[in-house]
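The numbers here are math on the coordinates, done by the rules we state, and not lab data. Please read all numbers here as calculations on a predicted model, not as lab measurements. Positions of Cβ are generated from backbone atoms using ideal geometry, with glycine treated the same way; all protein chains shown enter the neighbour counts.
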Amino acid sequence: MRVPPERGHPSGPCGGSEHQEVERLIEKATQPEELLELLSDSRCLQENHAALMLIQLSRLLSDKPEDRALLVQDARFQQLLHLVDSQISAVWHGTLVKLLRSLYALALPAACRELRSVEQEVRWRLRRLKYRQLAFLAESSATHMRESPELLAELLLHLERRWTEIDDGRTAVALMAKTGHLSEPLMNRLEDKCLELVERFGPDELRKVLVTLAAQNRRSVPLLRAVSYHLVQKPFPLTKGMLLDLAYAYGKLGFHQTQVLQRLAADLLPHVPSLTSGEVARGAKSFALLKWLSPPLFEALAQHVVDRAHTVTVPHLCNVLLAFAHLNFRPEREDKFFGLVHEKLGPKLRSLHPALQVDVVWALCVLQQVQGEALRAVLCPELHARFLGSESPKDQSTFQKLLHISATAQLEHPEYTGPLLPASDWAPWLLACDGKATPLQKELRDTLRGLLGSPSRGSFAVATQYGWVLDAEVLLDTDGQFLPLRDFVAPHLTPPSGTQPLPPGAKRCPCPLQVPYYEWLELKSEWQKGAYLKDKMRKAVAEELAK
């Protein structure tokens with residue numbers, strides 16, 4: 001079989017000058033007709049000329065889909081395809097790779113014989129192609145190879161096996177973005193190569209690496225640490241777009257690196273006046289995902305929203321509000337900001353998607369800015385019924401927010417008259433969702449049961465009317481001794497129970513007990529564990545009473 005050269009002199013009856021003249025005409029052509037006329041000018045076309053003509057045709061018609069469709073029907077174009085097919089084994093490697101990309105760009109039918117012939121020729125030559133040619137093929141044509149899975153599989157395999165031939169960061173980063181999601185082994189190799197070359201990366205390549213990892217949801221900690229190190233150590237300038245992309249990537253991957261976030265926030269602050277409302281929302285959301293609050297930056301974002309109130313859209317305002325709620329951030333000029341929120345969102349709240357309605361009102365509850373009309377909008381039975389009992393994690397999260405909203409209405413807005421979430425509807429669902437206890441929780445409950453001595457002295461998995469499930473509930477007298485729970489009035493339960501008032505000196509107060517996992521592991525005997533819990537309870541009660 002003849003092995004085509006990478007570069008060579010023209011063969012055949014045509015002279016070198018005529019060969020160069022044809023190449024010049026192909027390169028200078030500005031209309032498809034000029035190229036097609038070369039077929040009928042009795043010119044002597046060499047092995048690569050037909051392929052070069054097809055490549056130039058795809059360039060000229062890259063943004064003209066209507067003309068591409070007409071070209072495919074042209075008899076001269078079909079003649080050109082046949083000519084390429086007859087000379088395919090003599091086409092140079094580099095030209096062949098570009099030819100396949102061009103045929104895909106011309107949107108030939110998947111069953112086209114000439115297209116299949118070029119694909120087969122590429123498969124035969126994969127082993128002899130240089131790595132940069134394989135990379136070009138992957139970057140430009142991988143998405144079009146779904147109809148040719150054998151070629152795609154072999155291409156990915158060659159890229160993976162020859163990954164050590166990558167010698168520049170651009171190739172590694174481009175392959176990660178274009179083909180990494182198609183092959184797990186290849187992506188692992190590319191991450192290793194990026195780790196090796198990261199010292200040579202500029203800011204744009206670092207950005208592309210992080211955005212690619214975020215798009216594929218790959219939390220490659222060694223690579224993230226290396227990129228973060230160079231972002232902190234190298235003083236290269238970062239544009240507004242780069243800063244937003246980096247913040248998005250870190251937020252999407254949940255990778256918290258304090259020095260990087262400090263730099264991103266500090267560098268983004270001068271750009272705030274030039275941000276669009278969409279960019280403000282995107283930046284605020286990214287930092288909120290990381291639970292990172294930079295007061296100067298968020299004050300500037302809030303002021304930006306107020307100053308450009310007429311251009312801020314409802315979705316963008318919702319995203320900013322949610323970001324502030326996740327960070328529990330209230331601007332210094334909160335009257336103007338929340339006045340704008342109520343002005344913009346109040347009339348349109350009921351027209352939003354139900355889940356977004358709940359998110360907005362929940363955010364207002366967290367920021368202590370909710371109004372009665374907003375509470376009524378989301379606590380009405382027509383809205384919360386669609387989330388109750390749903391098995392979707394997103395719907396369950398939304399219903400949990402509804403429980404928080406209902407608790408806010410009861411505890412912080414005594415003037416609110418309803419509606420509220422009926423406890424008879426959500427209490428069984430809440431207990432079912434809370435029923436999956438960890439091994440540590442189970443052991444703590446067993447130890448507490450032994451410490452109580454009698455089942456009447458404590459309750460477990462207690463559903464309150466405010467939407468929270470308590471792991472356990474006990475009642476202590478002034479001497480720190482356990483009292484029988486069921487005898488005393490408990491208005492916080494669902495439903496309320498008990499008839500006797502609390503004894504003198506006793507009071508109900510929430511006392512969260514923090515039990516560090518490693519401290520608990522050090523306790524060997526049941527007596528030690530019981531004494532540990534009792535000591536924790538006494539300290540928690542003392543701290544609560546001292547407030």
Legend entry - For the stretch 128-193 and the stretch 223-301, distance of Cα centres in Å: 30
Legend entry - Net charge, Tyr131 excluded, C-beta distance under 11 Å - Lys, Arg +1, Asp, Glu -1: +1
Legend entry - ³J(HN,Hα), Karplus 6.51/-1.76/1.60, whole Hz, each residue of the stretch 520-529, x for Gly, Pro: 5, 5, 6, 7, 9, 9, 5, 4, 4, 5
Inset, instruction - Considering Cα pairs under 8 angstrom that are at least six residues apart, work out the relative contact order of the chain and quote it in whole percent. - result: 6
Legend entry - Counted charge near Val227, where neighbours are those whose Cβ lies closer than 10 Å (Asp, Glu -1; Lys, Arg +1): +1
Legend entry - Student exercise, the chain dipole from Lys, Arg, Asp, Glu Cβ charges, in Debye to nearest 20: 820
Inset, instruction - Give the long-range amide H neighbours of Ala461: residues separated by 5 or more places, or on another chain, with amide H under 5 Å away, using H modelled in the peptide plane at 1.01 Å from N. - result: Ala472
Inset, instruction - Just tell me which aspartates and glutamates come within less than 16 Å, Cα to Cα, of Lys234; anything on the same chain fewer than 8 places away is out. - result: Glu199, Asp204, Glu205, Asp267
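Name the shape class, rounded, prolate or oblate, that the alpha-carbon gyration tensor gives for the stretch 260-387, where a ≥ b ≥ c are the square roots of its eigenvalues, rounded holds for a/c under 1.5, and otherwise prolate holds if a/b is larger than b/c and oblate otherwise. Working shown, then result.
Working: a/c = 2.12, a/b = 1.78, b/c = 1.19.
Judged from the Cα gyration tensor, the stretch 260-387 comes out prolate (a/c at least 1.5, a/b above b/c).
Take Asp168, Asp245, Asp204 and order them by how many other Cβ atoms sit within 10 Å, fewest up front.
Asp168, Asp204, Asp245
Hey, what did the stretch 245-376 get for relative contact order, percent, Cα under 8 Å, at least 6 apart? Spell out each step's value before the answer.
Working: 118 pairs, mean separation 31.2, N = 132.
It rounds to 24 percent for the stretch 245-376.
Per DSSP H run of at least 4 residues, take -39500 (n - 2.57); add these up for the chain, divide by its residues and hand me the 222 nm value, nearest 500 deg cm²/dmol. Please report the intermediate quantities before stating the final value.
Values: 27 runs with 327 residues, N = 547.
Mean residue ellipticity, 222 nm, calculated: -18500 deg cm²/dmol.
How much length would be gained if the chain were fully extended between Arg219 and Glu519, taking 0.36 nm per residue of separation minus their Cα-Cα distance, in nm to one decimal? Working shown, then result.
Details: separation 300, 0.36 × 300 = 108.00 nm, distance 3.00 nm.
Using 0.36 nm per residue and subtracting the Cα-Cα distance, I get 105.0 nm.
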Legend entry - Distance in nm between pseudo-label sites at Glu33 and Thr313 (7 Å out along the Cβ direction from Cα): 4.3
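Please report, in whole Å³, the volume per residue of the convex hull around the C-alpha atoms of the chain. Don't jump to the answer; show the numbers that get you there.
Details: hull volume 128.2 nm³, N = 547.
Hull volume normalised by residue count: 234 Å³.
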Legend entry - Which of His404, Ala463, Leu83, positive extreme of dipole for the chain (C-beta unit charges): Ala463
Legend entry - Calculated FRET value between Glu334 and His181, using beta carbons and R₀ = 41 Å, to 0.05: 0.40
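How much length is gained on full extension from Asp192 to Arg376, taking 0.36 nm per residue of separation minus their Cα-Cα distance?
Details: separation 184, 0.36 × 184 = 66.24 nm, distance 5.46 nm.
Result for the pair: 60.8 nm of gain on full extension.
Nearest 0.05, what FRET efficiency do Leu383 and Ala506 give at R0 = 41 Å with Cβ-Cβ as r? Before the final figure, lay out each step's value.
Details: r = 40 Å, r/R0 = 0.97.
Taking R0 as 41 Å, the efficiency between Leu383 and Ala506 is 0.55.
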Legend entry - Separation in nanometres of the label points that stand 7 Å from Cα toward Cβ, at Thr438 and Ser89: 6.8
Inset, instruction - For Ala266 paired with Gln481, estimate the spin-label separation in nm (one decimal), with each label point 7 Å from Cα along the Cα-to-Cβ line. - result: 6.2
Legend entry - Estimated vicinal HN-Hα couplings, Hz - the stretch 398-407 in sequence order (Karplus 6.51, -1.76, 1.60; Gly, Pro = x): 5, 5, 4, 5, 4, 4, 5, 5, 4, 5
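For the residues His304, His413, what sequence is obtained by ranking on other C-beta atoms within 10 Å, fewest first?
Values: His304 19, His413 14.
Lowest count first: His413, His304.
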Legend entry - the stretch 500-547: GluC sites (Glu not before Pro) falling in loop per DSSP and having at most 12 other Cβ within 10 Å: Glu522
